[in-house]
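The values are calculated or read from the model by the stated rules, or taken from the named source; none is laboratory data. It should be emphasised that the depicted structure is a prediction, and the values quoted were computed from it without experimental measurement. Here the Cβ positions follow ideal geometry from the backbone for every residue, glycine too, while neighbour counts run over all protein chains shown. Note: accessible area is taken over every heavy atom of the protein model, side chains too, but ligands, DNA and RNA are not part of it. Shrake-Rupley method; radii C 1.70, N 1.55, O 1.52, S 1.80 Å.
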Amino acid sequence: MKDILLQMAAASSFLLLFQWRLNQSHITRRNLRCSDDYAFLAIACALSLVLCSLLSGNLFGIIHFNWGILPAFIGMLYGSFRSRALLAVMLPVCTYVFSYPVTQSHVLLDSGILMYPLLFGMANRFKLGTVVEKIAMLWIVLAPSMLFIALTSLFDGNDFSRLQDEKNALILCMLFLNPLFGGALIYMLESAWDKREIEEFIANMSEKFRREIDDLQQITDMVPLSIISVDDNCRITSINETSMKKLEIEIPHITRTDVLNCTLFDLVHQLKLNDNQDLDHLLDSIILKQRFMGKVTCLGKVLYVLAAPLVPKEQGQQAGMVLIIQDMTEEENIRSELGHVERLTLVGQMAAGITHEIRNPMAVVRGFLQLMREKSPSDMESYYRIVMDELDRANSIINDFLSLAQSGLSSKEDSNLHDVIEELAPLLWADANLRGQSVELRLCDKLPVLRLNIKEIKQLVLNLGRNAMEAMEPKGVLTLETRCVSEKVELLVKDTGSGMSDIELEKLFVPFFTTKEQGTGLGLPLCLSIVERHGGSIAVDSHQGAGTVFTVSFPYEKQEKEAIVC
Ligand code: ADP
Ligand code: MG
């Protein structure tokens, strides 16, 4: 009995070794035909074979008792061709070395050599078979081998009848026990392998799942939308980074853990968002698990909220809700501003139309006034002069206003800025002379041809020049300078006048802003609209008491650059 137990332990020792190996390795390569695991199994079987052989002996002096054939056959069936060949050599060698007495029949029949062709033939199919098929295949090679071992005893001339019936039964049992034990070993081996594979599958799945959750969290964190999910009890289950940043502005030091520990209602309470109808409507929808899509105004922000119930994976299972919130405050502001601008444009267009129509009756009034003036007594002359001056002033305001309201399109032609300035110079000199001031021209050598609307540019230069003269005392100097800087042509209108305060500078270019008694406040807005129509810009540098410099920049294109004129 002791021998049987020892052999059983030795024959199954490879299983322990293999289980240890399975626990060590992280990746099961069972499906590879020549995997490391199969090679290891063959080596473990070889060791088991040696152990069985070392512990072998004669049962009742009749049968040579060595179960090494069991691990050897299992190793040969599972192993690669090389390990199969190694075991095929080792088995007869071990049988030869350890059995006593050694006869030819021992080596031939005890070692199972006769089953080798079958073994080698089945080995490849064995690996692909189910557990039952594998056990069956093992039995096919093991059962005849056991029979041969019994026959060996007969060939050795042993008389079984001499043994007691119990011992015969034990030997027969042992012959059947071996294949049965082999089947059990294969079953255990396959179960251990399956278990390991399932463990690894679960580990891989949970790793994949964890990675996917991480990715999803990163994606939701990157989205510029606030995303919050809640469970059935409105407890917050997840919140993205955008939402956290928005929350931190309202509730400093709040952490993600704090948020995940409270319900949506706690959060609304903390944000002090009471008495808000839109919000109440949203919260009602969330409680009733209904879809909500609409605008919610709270904390001075316009939010577009989509709340939708999550679809449960299984019937009867609750899945909570997800809230996607988009902050549309800026867009709403821009939209309302655009509406405002549209209304203003309409009013401007109407005003321009009306102003244009006023000019005709005014011309008629002026004409008749002129006639009446000629026929009236001379003491009325001063009154007529005042009325006509005022009519002229009204007309100039109307002209400025109409120029300002002019559309962005104006006809331009290739022209030289210097020509325009030189044409205006006598007019400016005359004006300056009257005021006791002087005009200086500092025109650069070469200037590219620009596409200009000459009428408008003349208006621009005159407006800027007049403003400069009006800001200067007698003896003041107005300087008109041109220069060519990188891709721009610059016109500088400098004066040595009073300059402007910061408040005045802020309001500059605002229509109707004027500091003059007779001013219209339309000169600079008109200049700005002219320059913008030419794709340019105006910069102002002014210091109180030190004078002002208006720098008008005109961009020019490559073709213009090539056509340089003096
Ligand atoms: P207006 O000349 O009819 O007052 P503008 O639009 O031409 O209207 O000018 C607006 C205001 O800008 C002026 O009233 C004046 O206060 C200021 N301003 C314009 N140009 C100058 C300048 N060169 N120096 C000082 N102030 C200026
Ligand atoms: Mg002016």
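Could you check Gly519 against (1) crowded, with 17+ Cβ neighbours inside 10 Å; (2) under 13 Å from Asn463 (Cα atoms) and say which number it fails?
Of the numbered conditions (1) crowded, with 17+ Cβ neighbours inside 10 Å; (2) under 13 Å from Asn463 (Cα atoms), the odd one out for Gly519 is (1).
With (1) farther than 30 Å from Leu526 by Cα; (2) open to solvent by less than 100 Å² (accessible area, probe 1.4 Å); (3) in contact with a strand residue (DSSP E or B) (Cβ under 9 Å, 6 or more places away or on another chain) as the list, and Asn333 as the residue in question, which single condition is left unmet?
(1)
Only one of Asp389, Asp414 is of a type in the set (Asp, Glu), within 23 Å of Thr514 (Cα to Cα) and open to solvent by 70 Å² or more (accessible area, probe 1.4 Å). Can you tell me which?
Only one candidate qualifies: Asp389.
Name every residue in the range 264-296 that is surrounded by fewer than 15 Cβ atoms within 10 Å (Cβ to Cβ) and outside any helix (DSSP H, G or I), in order of residue number.
Across the range 264-296, the qualifying residues are Leu271, Lys272, Asn274, Asp275, Leu288, Gln290, Arg291, Met293, Gly294, Lys295.
Does Ala351 satisfy the condition of being open to solvent by less than 40 Å² (accessible area, probe 1.4 Å), within 30 Å of Glu532 (Cβ to Cβ), aliphatic (A, V, I, L, M) and over 60 Å from the mean Cα position of the chain (by Cα)?
no
Does the range 488-509 hold any residues that are more than 26 Å from His534 (Cβ to Cβ) and surrounded by fewer than 17 Cβ atoms within 10 Å (Cβ to Cβ), and which are they?
Result: Ser501, Asp502, Ile503.
Across the range 456-495, which residue is nearest to ligand 1 (Cβ to nearest atom) among those that are farther than 17 Å from Tyr556 by Cα and of a type in the set (Val, Ile, Thr)?
Val493
Across the range 496-515, what is the total count of residues that are in contact with a helix residue (DSSP H, G or I) (Cβ under 7 Å, 6 or more places away or on another chain) and within 7 Å of ligand 1 (Cβ to nearest atom)?
Qualifying residue count, the range 496-515: 5.
State all residues of the range 306-345 that are part of a strand (DSSP E or B) and touching a Ser or Thr at 6+ places or on another chain (Cβ under 9 Å); if no residue qualifies, say none. If you could, list the steps in order and put the result at the bottom.
Within the range 306-345, the first condition is being part of a strand (DSSP E or B), and the residues that meet it are 306-309, 321-327.
Answer for the range 306-345, where residues must be part of a strand (DSSP E or B) and touching a Ser or Thr at 6+ places or on another chain (Cβ under 9 Å): Ala307, Met321, Val322, Leu323, Ile324, Ile325, Gln326, Asp327.
I need the full set of residues from the range 454-487 which are open to solvent by less than 80 Å² (accessible area, probe 1.4 Å) and part of a strand (DSSP E or B), in order please. Can you show your working first?
Here is the first cut: in the range 454-487, the ones open to solvent by less than 80 Å² (accessible area, probe 1.4 Å) are 454, 456-465, 467-469, 471-472, 476-482, 484-485.
Listed by number, the residues that qualify are Val477, Leu478, Thr479, Leu480, Glu481, Thr482, Cys484, Val485.
For the condition in contact with a helix residue (DSSP H, G or I) (Cβ under 6 Å, 6 or more places away or on another chain) and of a type in the set (A, V, I, L, M, F, W, C), what is the one hit in Leu428, Leu417?
Leu428
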